[in-house]
1. For residues in the stretch 85-103 being of a type in the set (A, V, I, L, M, F, W, C) and open to solvent by 20 Å² or more (accessible area, probe 1.4 Å), which is nearest to the chain's Cα centre (by Cα)?
2. Take Ala166 and decide whether it is open to solvent by 10 Å² or more (accessible area, probe 1.4 Å) and in contact (Cβ under 8 Å) with a residue 60 or more places away in the chain.
3. Exactly one condition in (1) more than 24 Å from Gly47 (Cα to Cα); (2) open to solvent by less than 10 Å² (accessible area, probe 1.4 Å); (3) small (Gly, Ala, Ser) is false for Ser127; which is it?
4. Inspect all residues belonging to the stretch 200-218 and state whether any of them is aliphatic (A, V, I, L, M), over 19 Å from Pro318 (Cβ atoms), loosely packed, with under 14 Cβ neighbours inside 10 Å and in contact with a helix residue (DSSP H, G or I) (Cβ under 9 Å, 6 or more places away or on another chain).
5. Name the residues in the stretch 43-72 that are of a type in the set (A, V, I, L, M) and surrounded by 17 or more Cβ atoms within 10 Å (Cβ to Cβ), would you?
6. Hey, can you tell me all the residues within the stretch 147-163 that are open to solvent by 10 Å² or more (accessible area, probe 1.4 Å) and either under 16 Å from Ile95 (Cβ atoms) or among the aromatic types (Phe, Trp, Tyr) (or both)?
7. Here are the criteria: (1) in contact (Cβ under 8 Å) with a residue 24 or more places away in the chain; (2) on the phi < 0 side of the Ramachandran plot; (3) of a type outside the set (A, V, I, L, M, F, W, C); (4) assigned to a loop (DSSP other than H, G, I, E, B). Tell me which single one His191 does not satisfy.
Amino acid sequence: MIRQKASPRKMAKRPMTAAEAKANRFQRTAHAKINLCLHVTGRRSDGYHKLDSLVGFAAFGDLISIEPSEADVLEIKGHFSAALGGQLPEQNLVIKARDWLRARHEQSGSNTALAKISLDKQLPIASGIGGGSADAAATLATLARIWQTPADWLEESASIAAELGADVPMCLHQSPLRVTGIGDDIALWHHVPLLPCIIINPGTPVSTPAVFAELASRDNDPLNGMPPSFSSVGELADWLVKQTRNDLQTAAQKLCPGIVDCISALERTNALLARMSGSGASCFGLYESIEAAQLAASTIAQVQPQWFVKATAILPSPPQRDEDYETWVESMKLVRSLH
């Protein structure tokens, strides 16, 4: 367990009872970000790459817990906490997110309480599923509730992207998106069903800059408009296979051959779609049902016990029509039963 104190300031208040502490503790899942496709469409003069991506968020992720404290503290625990052991406090995206939001409050003349933030790190590091960005987004959203932050502050996508990273604005949404530009041009993607899936990672961190450096082409075709509506995971997966790609996958495989092994393992379990997410090395497979995903995960974990393997589901779009509401409710009940 890693504990980082980022501020020596104290709050003048009596210690809370255990019941009060529990009542004042806020928790939020930092959902893993899955790039269902990722088209690299150009490069700006400042070095940022232009992208066109369809993004979903898995039910599984890190866990952020925040409660009142006598000093600002970040506590890091969980399966992958050791990977952050050598990180300076000012490098941690959770602390950077907290400080960004606090600075906005100070600029407006409003006060913010000191807080203990606990990060339960369950996602692999540097793995293409937005772990750090998701943690930052969950921190922003949770502190915004505690500090009563005006809602439009979290809509400042350009500022958040510039200060905290291009993936953070999209991670605030936690529902299917089409993301363009450098990641801060965001459009909601409607009519996406629950997508049973597994996430696997061979245990090798991959550097995003190194992957982009290996790209053979940076000027590729974007998506042809917003995708159509889909009634099933099979229909969506078939469309993704035929119409989309991840332009980073070939480059990433050169740096991490384990990605090829992951894709092969997914294909052997009859995944409807097997693809790398983001810049890797994490890969995902889509399946017809939660039961099929769980069986596939169990099969792969038995053969590759050293890999990260997790059966989960990508969250569906919120309902846009009355007739979609009942299906959405049942999907969310299933999601809550998964983890």
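1. In the first step, residues of the stretch 85-103 are kept if they are of a type in the set (A, V, I, L, M, F, W, C); the result is 88, 93-95, 97, 100-101, 103.
Of the ones still in play, those that are also open to solvent by 20 Å² or more (accessible area, probe 1.4 Å) are 88, 93, 100, 103.
Values: Leu88: 22, Leu93: 13, Trp100: 19, Ala103: 24 Å.
Top of the filtered list is Leu93.
2. Numbers: open to solvent by 10 Å² or more (accessible area, probe 1.4 Å): yes; in contact (Cβ under 8 Å) with a residue 60 or more places away in the chain: yes.
Yes, satisfied.
3. With (1) more than 24 Å from Gly47 (Cα to Cα); (2) open to solvent by less than 10 Å² (accessible area, probe 1.4 Å); (3) small (Gly, Ala, Ser) applied to Ser127, the lone miss is (1).
4. yes
5. As a first pass, look at the stretch 43-72 and keep what is of a type in the set (A, V, I, L, M): 51, 54-55, 58-59, 63-64, 66, 71.
Of everything in the stretch 43-72, those that are of a type in the set (A, V, I, L, M) and surrounded by 17 or more Cβ atoms within 10 Å (Cβ to Cβ) turn out to be Leu51, Leu54, Val55, Ala58, Ala59, Leu63, Ile64, Ile66.
6. Trp147, Trp153, Glu163
7. All conditions are met except number (2).
The values are calculated or read from the model by the stated rules, or taken from the named source; none is laboratory data. Computed from a predicted model, the values in this text were never measured in an experiment. Backbone-built Cβ (ideal geometry, glycine too); neighbour counts: all protein chains shown. Remember, those area values only see protein heavy atoms, side chains included, never the ligands or the DNA or RNA. Shrake-Rupley method; radii C 1.70, N 1.55, O 1.52, S 1.80 Å.
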